[in-house]
Amino acid sequence: MEQAPKMERDLTSERLSTLRNVWGQLQSLWQENDFADNPLGQPSPEISQAEEALSEKIVELLNCSPQEADLLYAEARRLKDENVGNNIRYRAAVHVTNICRANCLCCPMRRDNLHPDTMKRATTPEIVAAADDAYQAGYKDLFIQGGEDVRVVPIVVEALKILSKKYSDIGVILNLGNLSPLQYKTLYEAGARKYVIKHETANPKLHEELRQEPIEKRVQHMLYAKQAGFEIGAGNILGIPGQTDRDLADDVIFFGRSGIKGMLSSTTYTPSDALPEPYKNQPSGDWEKTKRFIAVLRILFPSADIHAPSNADSPKLERGDTQLSGQSELILSGANEMTVEFTSPEMAKHYGLYDMGTKRHKVDFIKIKKVENETKDKK
């Protein structure tokens, strides 16, 4: 890895300094104006001006030169090591239903793809057994997710009650989509403490096209979950049809306005034959831009758990000539968290959202350490 010229280093330092200054100003303004309870609220002229300045800097960084990108990644790694440690946080993933009421254009598990022969909802014993396997393997963070299927909620609640009695040191994160306020409350009281509810895109027009419902509805459910006591995690997709770099900057602003601090997940779009047009044949998202976006998140959210999703190693992603796995590249860009599958084979067979094959969750620890050492030697 060649050392970046001084001009590139100075330009990167200037951009990052401006980015941090504007971000700090906005955090204060958002808090003073209670945006965490109304992230879609109308901003004041002062907030609008600051958000515009932030967007400009984010767009510049998303399109910076390869030399600048290397400096961006190095700074993201420094902040990751300083704030969350030079380790990968693993969570045990358990998928509990492939049934979904939503009809998102980007998701193979969408409602229009449901078929009676392949619909599958886990039982309480299946969830508990998967959690037992994970715990015995040393995983104490459990990530339970599935389609937006309200009938799975009581099943998950019963599983959580059993697990909370068996294990005093297990942490549970849920990703079950839009539920009622009472359902969020019931899940919280059963022992779960964190809830991921991805907005996918903060562009209102794109969001409504993608999810077939307004973004206001998604935000309302984020607030319902937060009011039930959950710490909220959020996420977006990079590369959906019609998305611009400014839209990606607006996603970062949405995270900030919502008061998200602990959990962030950004996924590169990959097409699938199970999707309608234009999503079916839409090219996959820009991989280099994804890495830059992850680095920007780490710089603005230094203490967050930032996910390296398994689809980073999808064969449909064009990652260029690299010897590193996709998840390894994201770790080197500032991500620090991954999930490891403990889903039952029967559920995995029908889940349909990801390839549950053996190529998932590969991290090249030796190669990662080599890149980190090369960066340190050149400072």
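The values are calculated or read from the model by the stated rules, or taken from the named source; none is laboratory data. What you are looking at is a predicted structure, and each value in this text was computed from that prediction instead of being measured. Note that each Cβ is placed from the backbone with ideal geometry, even for glycine, and that neighbours are counted across all protein chains shown.
For segment 196-212, enumerate the residues that are free of Cβ contacts under 8 Å to residues at least 60 places away in the same chain and assigned to a loop (DSSP other than H, G, I, E, B).
Of everything in segment 196-212, those that are free of Cβ contacts under 8 Å to residues at least 60 places away in the same chain and assigned to a loop (DSSP other than H, G, I, E, B) turn out to be ILE197, HIS199, THR201, ALA202, ASN203.
Answer yes if at least one residue in segment 326-340 is without any contact (Cβ under 8 Å) to a residue 12 or more places away in the chain and among the β-branched types (Val, Ile, Thr), and no otherwise.
No, segment 326-340 contains no residue that is without any contact (Cβ under 8 Å) to a residue 12 or more places away in the chain and among the β-branched types (Val, Ile, Thr).
Answer with yes or no whether ALA234 is within 21 Å of ARG292 (Cβ to Cβ), crowded, with 21+ Cβ neighbours inside 10 Å, of a type in the set (Gly, Ala, Ser) and touching a Leu at 6+ places or on another chain (Cβ under 9 Å).
yes
The rows are residues; the columns are (1) in contact (Cβ under 8 Å) with a residue 40 or more places away in the chain; (2) outside any helix (DSSP H, G or I); (3) touching a Lys or Arg at 6+ places or on another chain (Cβ under 9 Å).
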position: THR12; (1), (2), (3): yes, no, no
position: GLN25; (1), (2), (3): no, no, no
position: LEU54; (1), (2), (3): yes, no, no
position: LEU72; (1), (2), (3): yes, no, yes
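Just one of the numbered conditions (1) touching a residue at least 60 places away in the same chain (Cβ under 8 Å); (2) of a type in the set (Gly, Ala, Ser); (3) surrounded by fewer than 20 Cβ atoms within 10 Å (Cβ to Cβ) is not true of ALA134; which one?
For ALA134, the exception is condition (3).
Go through segment 147-195 and give me each residue that's part of a strand (DSSP E or B) and surrounded by 18 or more Cβ atoms within 10 Å (Cβ to Cβ).
Answer for segment 147-195, where residues must be part of a strand (DSSP E or B) and surrounded by 18 or more Cβ atoms within 10 Å (Cβ to Cβ): VAL172, ILE173, LEU174, ASN175, LYS194, TYR195.
Can you run down the residue pairs with Cβ atoms below 7 Å, 6 or more apart or on separate chains, where the first is in segment 27-45 and outside any loop (DSSP other than H, G, I, E, B) and the partner is at pLDDT below 95?
Final answer for the pair search is none.
Would you check which residues across segment 237-246 are buried (at least 22 other Cβ atoms within 10 Å of the Cβ) and either more than 13 Å from ASP286 (Cβ to Cβ) or under 14 Å from the mean Cα position of the chain (by Cα) (or both) and list them?
Correct list: ILE237, LEU238.
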